[in-house]
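All of the numbers you see were taken from the coordinates with simple rules; none came from a lab. For clarity, every value in this text was computed on a predicted model and none was experimentally measured. All Cβ positions, even for glycine, are placed from backbone atoms using ideal geometry, and neighbour counts span all protein chains on display.
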Amino acid sequence: MSVAMRRVLIWGVLGVALAAAIAYALRPQPVLVDLATARTGLLRVTVDDEGEARVRDVYTLHAPVGGYLQRIDAEAGDPVEANRTVLARIEPAPPAFLDVRSQAEQRAAIEAARAARDLAAADLERAEADLAFAAAELERAQRLIKEDNISQRSLDDAQRAQRVAHANLATARATLEMREHELARARSRLLSREELEARIAKRDDDCDCVTVTAPVGGVVLHVVRESAGVIEAGTPLLEIGDPGNLEVVVDLLSEDAVGIEPGQKAIIAGWGGPDLDATVRRVEPFGRTEVSALGIEEQRVDVVLDFTPAREAWRRLGHGYRVDVRVILFEGDVLQVPLGALFRDGEQWAVFVAEDGQARLRPVEVGARNGLSAEIRGGLAAGDRVVLYPSERIADGTAVSQR
C-alpha cells in the first residue's frame, strides 16, 4: 500500500471515530426521576383539627343573693355529694362608708329620734297620771251614787273617762317602744365596719348565712371565686361536674363539617397516651364566625364526639385537656399512588407511567385522597411504576431513568 493510501486510511478511521464520539455525546439523555409503585393498601381520609376534652354536664354555681362571701375552702378535684356538700357561705354585707355629709345627717337623725323618745316618755307619764286621776274619780263616783248624791250620767262619764285614760296609757307605751326602736335604727346606721366585724366574730358558727350546696354529685372542676369579699347576686363561684362523663368537642370549618354525620368513626390522638377510638355524636346545627391567626374570617362548627373504649383507657384525661381529633371520612383497602404523582391534564387527572425506560402518559380516575395518597379507580394496575413530581422536561415518550 502506498504512503498516500495509508494516510487516507488513517485519517478516514480517525474521522469516523470522531464522528461516532460526537454522535454519542449528542445522543438524548434519559431524565432522572423518582418512581413509586401503585399498590393496594389501607387508605384513610380524615378531617384533622385540634379539639378539647370536656365534662359533658358542667354546673356553674352562682351566688343566690348578694352579700359578703366567706372564703371558699374547696379545691379543684374535691369530691362533692348532691344536696349535702356545702361549698360556699354568704353572710350579710357590711354597710358602705359614709361621707361627712351622710354622717352628719345620721347623727342629726339620732338626736331627732332621741328627742322623740323623750317626748314619748313624757306622754307616758302624763297618761299614767290621767289614768290615776280617772280611777280616783270613778271610785268617788261609785261611792256617791250609792248615796244618791250624783246622777247615773255622772257615773257613766267617770267610767268612760277611766277607759279613755287606760287606752291613752297603752297608746303612750306603744309610742315609747316605737321611738326606742327608731332610735336604735338611727344608731345602727352609724355602726362602723370594725364594730360589725366584732359582732360577727362573737357569733362564731352562729352566722346568719345563706349556704350554697352542690346540686349534683361529682368533683370540683374549678373555683372561680376563692377569696372572701362582697359579691353581687349571680356571681359565679364554682364549677362542678363528673370527670367520668367526658366528651370531646372540635370546631371544624363548615366546609369540612358538612361531610360529617353522627355515627362516623374518629381517632383521638396527641393527648399523651395511645390513640383512642371515638364516634361522632352530634354536629351542631349552627356556625359562628372566628378570625384565624392570619386574620381571615372563618365559619366554624362544633362537632361533639364520644369515646368508644371504657373509661379506664382515658381516665387520665380531664376537663379542658387538648387533644388531636381525626374524623374518618373514608377508610378501605384500595389501589393507591402517592399524591405527588398526580397532575391535571386538561379536565382529567393523569400520571406518567415508566415503561421500558420511557414515560407514558396515562389518564386515571381518582377517588378518595388524603394529604399523602390518592385512590385510583381506573387507569392503573397494581405494580405500575409512576413518576413522582414530573417536571416540564417530561412528556409522553420521554426517556426516563430512576434517580
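Run the dipole for the chain about the Cα centre, Lys and Arg Cβ at +1, Asp and Glu Cβ at -1, nothing else charged, and hand back the magnitude in debye, nearest 20.
In total the dipole reaches around 1420 debye.
Roughly how many whole Å is it from the C-alpha centroid of segment 330-399 to that of segment 70-110?
74 Å
For the chain, calculate the relative contact order in percent as a whole number, restricting contacts to Cα pairs under 8 Å that are 6 or more residues apart.
29 percent
Need one number: % antiparallel among DSSP beta bridges in the chain, to the nearest 5.
Here the antiparallel bridges make up roughly 95 percent for the chain.
Roughly what angle does helix 152-188 make with the longest principal axis of the chain, taking Cα atoms, 0 to 90 degrees, to the nearest 10?
For helix 152-188, the angle is close to 30 degrees.
Would you mind checking segment 97-132 for residues with the amide N under 18 Å from a putative spin-label position 7 Å along Cα→C-beta of R189?
Answer for segment 97-132: 97-118.
Between V212, V364, V80, which gets the highest mean-square fluctuation from a Gaussian network model of the chain, Cα cutoff 10 Å?
V364
Calculate how steeply helix 3-25 sits against the longest principal axis of the alpha-carbon atoms of the chain, using the helix alpha-carbon long axis, and give the answer as 0 to 90 degrees to the nearest 10.
Result, in degrees: 20.
Along Cα→Cβ, 7 Å out, is where each label goes; now give me the distance between the ones at R360 and Q142 in nm to one decimal.
Result: 14.1 nm between the two label points.
Between L155 and V100, 0.36 nm times their residue separation minus their Cα-Cα distance comes to what?
13.7 nm
Modelled label-to-label distance, E111 and A76, 7 Å Cα→beta-carbon offset: nm?
Roughly 5.8 nm, to one decimal.
Where does each of 332-342, 230-240 land if you order them by average Cβ count within 10 Å, highest first?
Descending packing order for the listed peptides: 332-342, 230-240.
Given R₀ = 56 Å, what would the calculated FRET efficiency be for K265 paired with M178, taking r from the Cβ atoms and rounding to 0.05?
In this case the efficiency is close to 0.10.
To the nearest 10 degrees, how steeply does helix 100-146 sit against the main Cα axis of the chain, on a 0 to 90 scale?
The angle comes out near 30 degrees.
222 nm [θ] for the chain, helices only, -39500 (n - 2.57) per DSSP H run of 4+, per residue, to 500?
-10500 deg cm²/dmol
If I take R0 = 56 Å and measure r between the Cβ atoms of L253 and H166 in this structure, what FRET efficiency does the formula 1/(1 + (r/R0)^6) give, to the nearest 0.05?
With a Förster radius of 56 Å, E is 0.05.
Report the extension gain between V210 and R281 in nm, rounded to one decimal, defined as 0.36 nm multiplied by the number of residues separating them, less their alpha carbon distance.
21.6 nm
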